[in-house]
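Take a look at the structure below.
The values are calculated or read from the model by the stated rules, or taken from the named source; none is laboratory data. The shown structure was predicted, so the numbers you read here are calculated from the model rather than taken from an experiment. No Cβ is skipped: glycine too gets one built from the backbone with ideal geometry, and neighbour counts run over all protein chains shown. Ligands, DNA and RNA are stripped out before the accessible areas are found, and what is left, the full protein with its side chains, is counted by its heavy atoms. Shrake-Rupley method; radii C 1.70, N 1.55, O 1.52, S 1.80 Å.
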Amino acid sequence: MDFDLTEEQSILKDSLDRLLADTYAFEERKRHMASAEGWSAEAWNRYAEMGLMALPFAEEDGGIGGGPVETMIVMEALGKALALEPYFATVILGGGFLRLGGSAEQRSELVSGVADGSVKLAFAHTERNSRFDLVRVETTARKDGDGWVLSGSKSVVLHGDCADRIFVTARTGGEADDETGIGIFLVDANAEGVSRRGYATQDGLRAAELTLENVRVPAEAVYGDPSDALPLVRRVVDQAIAALSAEAVGVMSAMHALTVDYMKVRKQFGVPIGAFQVLQHKAVDMYVAIEQARSITLYATMMADSDDAAERAKAMHAAKAEIGRGGRLVGENAIQIHGGVGMTMEYAVGHYFKRMTMIDVAFGNTDHHMRALARAGGLFSAAA
Amino acid sequence: MSSATETDNVTASNVHPNSLRVYNTLTKQKEPFETLIPGKVGIYLCGPTVYKEAHIGHMVGPVIYTFGSEEQKKRFLPRIANLDDWWCQGFSEPGAGSDLASLKTRAVREGDHYVVNGQKTWTTLAQYADWIFCLVRTDTEAKKQEGISFLLIDIKTPGIEVRPIVTIDGGREINEVFLTDVKVPVENLVGQENKGWDYAKFLLGNERTNIARIGMSKQRIARIRELAGKEMSSGRPLIEDERFREKLAAIEIDLKALELTQLRVVAADAKRGNTGRPDPASSILKIKGSEIQQATTHLLMEVMGPYAVPYIPEHDDRWNEPSEVPDYAPSAAPNYFNFRKVSIYGGSNEIQKNIIAKAVLGL
Ligand SMILES: Cc1cc2nc3c(=O)[nH]c(=O)nc-3n(C[C@H](O)[C@H](O)[C@H](O)COP(=O)(O)OP(=O)(O)OC[C@H]3O[C@@H](n4cnc5c(N)ncnc54)[C@H](O)[C@@H]3O)c2cc1C
Ligand SMILES: Cc1cc2nc3c(=O)[nH]c(=O)nc-3n(C[C@H](O)[C@H](O)[C@H](O)COP(=O)(O)OP(=O)(O)OC[C@H]3O[C@@H](n4cnc5c(N)ncnc54)[C@H](O)[C@@H]3O)c2cc1C
């Protein structure tokens, strides 16, 4: 297998890494986090100028035509920098629905705005009783003339506070956990009947609680089949999991680099703490976990575009579980090896640890995906 | 063997029961534990009150009781027991963490007092303390463990400055303490000059036992059961999920065993009499106790599912209206983050393992 990046991909990686190193140092990030929006509009514009927002969209839609590998490169770099901007919500989640579920008209209406950074998107799915299940939707969409009327509450909508438009799952038929009867609707965040309450998340990003009270949307707001959009949701979420895994690899490697550096400079008992073999082995365990996470992320990336929904889902279960448990090992050890310093808000390592922890919670935690993979029959089949 | 298996940290750590109180960080009041949960020690739960921290008088009390002068006992012990005085622990320094004996804060005797200069750090709840007990260097020539003394310092003495350090969960429980030309009367020296390291080891042995926090972990497990009965997963309460239940059972087994281990350590201690030296087995309590606390705080966070994500500081007025975020959820992740500290402080778990390897296994 060829794991080398193409020349163009290498350029993307190097230039983005450089941009973030130059403009998004940890102290800068702190400042953005403390601002009212919780992220940097300047940085957002720079991403747009670099073409990051246009990256995954087809050239005929006004995009650059990048694939899962390009997304992986970008997400890993954003993870390393602990970027706060709504890239994942807008380009990966929202953009995913647009790319994979949007008609030609819908794409031509929206892609250019996303690509130039002027439109921000989000995905509202989680509900009070859904936990990590994609199938459990109680928000309703009632047919009303040509359009639809949506009612319900959505929780922890990532960057839902700043989004201009929000993709919302709602039930057009069936019971709360029926596979069919789920539709996906694009709702204007300022539409009548929409209220949102924004807040910071544990890792310093932003999210919102969203309430929909008889929100009227036109027929053009429907993405895909209004009575059978769950396969589309699964597909978008699978791609999002591949992207999150790449971000996690960036987060983990940055944490590891900080830790190894610290082991070389922190002295106790007259020697650098890196001289203690027990800490060396911890650092090696972290290194192994990161390389395993990187490999499984590559696997998820290769499977992200697959039309075989069952195999694709298994790859994502595997990736999400692996980065979940690897990320926990890396994060907890990074804090431990730093001692008291690791416990302070002032120092970067704790922020990586918190982001890593929240990545595990997003779109199903380690246990959720481990269980799902086990139920799906695992990755390797039985001997004949 | 007695039939009592119901332990709490009071019996286990040689502490006079009256000296245990909690500091309620919300009401900023000192309250006896009994007013919160009768008979239980230390709670770190999810819910509107994030946590209540035991004050540290229970650390210095036994040191004064065992090594202090009659005057010191009369002066300090009743006030510790009544909670009239709050104490904090001034051991660690920026350059002296695991290698505590390398501490540099200097105390120079000048007539009837010492003049203290230096910096302490990670000092828990120093912002509320009336007194700080410090390890200071009184002899720079001697071997590093042999030049240390144990001083009791009124924290309002001129020259002391306390600066807060915010922890990763946003908490305000630790501080830096700067000491500049601080005058401490010689009668505040505990025991003999340059023997402070022995008293510190005695205290650290007790601290380790206390850090096991078995009662607190039991409380947290009860809370996990309760809330996992409320949170739904695939249409059923999470507590009915086999994978979740097995994880909880595994932690419970560890905790039950540790409870018995703790009783064994206490019983052996009682039989041996107070030697003033920590039993290396207390390191087992520290290692397993902290691992269990960390496993339970993690599991409690997992109970919350997606609702672990919102960061909503306590008493945020904007959250007075009803919301889908259950009120017990927002403190779960901060608690998990915060409890990474328990394998770091009180002598890190790596240091505890070094102690067992050397003192128990003879390696
Ligand atoms: C099934 C088997 C097949 C083998 N086949 C071959 C073969 O074909 N050719 C051949 O030449 N040899 C072979 N070996 C030998 C093998 O390479 C040695 O067993 C191995 O190098 C360990 O040496 P040792 O057994 O002397 O153990 P030791 O070196 O005495 O080690 C004992 C323990 O101490 C640990 N240890 C040692 N040094 C350190 C250190 N610096 N830091 C931390 N831990 C340490 C080890 O990890 C181990 O756990 C074989 C061994 C086995 C078990
Ligand atoms: C929340 C919190 C509250 C605290 N409260 C107090 C307080 O009230 N009063 C007080 O005096 N102190 C307090 N401490 C300080 C605490 O005791 C120290 O953090 C601890 O001793 C570790 O020291 P350090 O942070 O300097 O880490 P370091 O000693 O620098 O350790 C860094 C890493 O190296 C490892 N390490 C060090 N030496 C060895 C070795 N020989 N072998 C193997 N590994 C080693 C450690 O285990 C750790 O993983 C508190 C700390 C925290 C985090």
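Quick notes
- When accessible surface is computed with a 1.4 Å probe, chains B and A are found to bury approximately 4500 Å² between them, both chains counted.
- Highest-first arrangement of B:218-224, A:269-275, where packing means the average Cβ count within 10 Å: B:218-224, A:269-275
- Counted charge near B:ILE356, where neighbours are those whose Cβ lies closer than 13 Å (Asp, Glu -1; Lys, Arg +1): +3
- Excluding exposed DSSP-loop GluC sites (Glu not before Pro) (at most 14 other C-beta within 10 Å), longest clean stretch of chain A: A:1-174
- Distance violations [Cα-Cα > 19 Å] among A:LYS282/B:LYS358; B:LYS218/B:LYS247; B:LYS144/B:LYS201: A:LYS282/B:LYS358
- Note on B:LYS156: lysines with a C-alpha under 17 Å away, same-chain residues under 8 apart excluded, are B:LYS120, B:LYS183.
- Summing charges over neighbours of B:ILE168, with a neighbour being any other residue whose Cβ is under 14 Å away from its Cβ, gives +1 when K and R count +1 and D and E count -1.
- Kirkwood analysis of chain A, using all unique Cα-Cα pairs, places the hydrodynamic radius at 21.5 Å.
- Scaled against 2.2 N^0.38 Å for its residue count N, the alpha carbon radius of gyration of the range A:7-115 is 1.08.
- Residues whose placed amide H lies under 5 Å from that of A:ARG216, excluding near-sequence neighbours: A:LEU150
- Per-residue average of Cβ from other chains inside 10 Å of B:323-335: 3
- With respect to chain A, whose longest principal axis is taken over its alpha-carbon atoms, helix A:277-303 is tilted by about 30°.
- Between the range B:50-129 and the range A:145-190, the alpha-carbon center distance in angstrom: 58 Å
- Here's how it looks for A:ALA176: its modeled amide H is under 5 Å from none belonging to a residue 5 or more places away or on a different chain.
- Per-residue ³J(HN,Hα) for the range A:315-324, Karplus 6.51 cos²θ - 1.76 cosθ + 1.60, θ = phi - 60°, Hz, x for Gly and Pro: 4, 6, 4, 4, 5, 5, 5, 5, 6, x
- Principal-axis tilt of helix A:68-81 within chain A, Cα atoms, nearest 10 degrees: 50 degrees
- Accessible surface of the protein assembly as shown, 1.4 Å probe: 52 percent of it comes from carbon and sulfur atoms.
- 3J(HN,Hα) along the range A:354-365, derived from phi through the Karplus expression 6.51 cos²θ - 1.76 cosθ + 1.60 where θ = phi - 60°, amounts to 5, 4, 4, 4, 6, 4, 4, 6, 6, 6, x, 7 Hz, with x in place of Gly and Pro.
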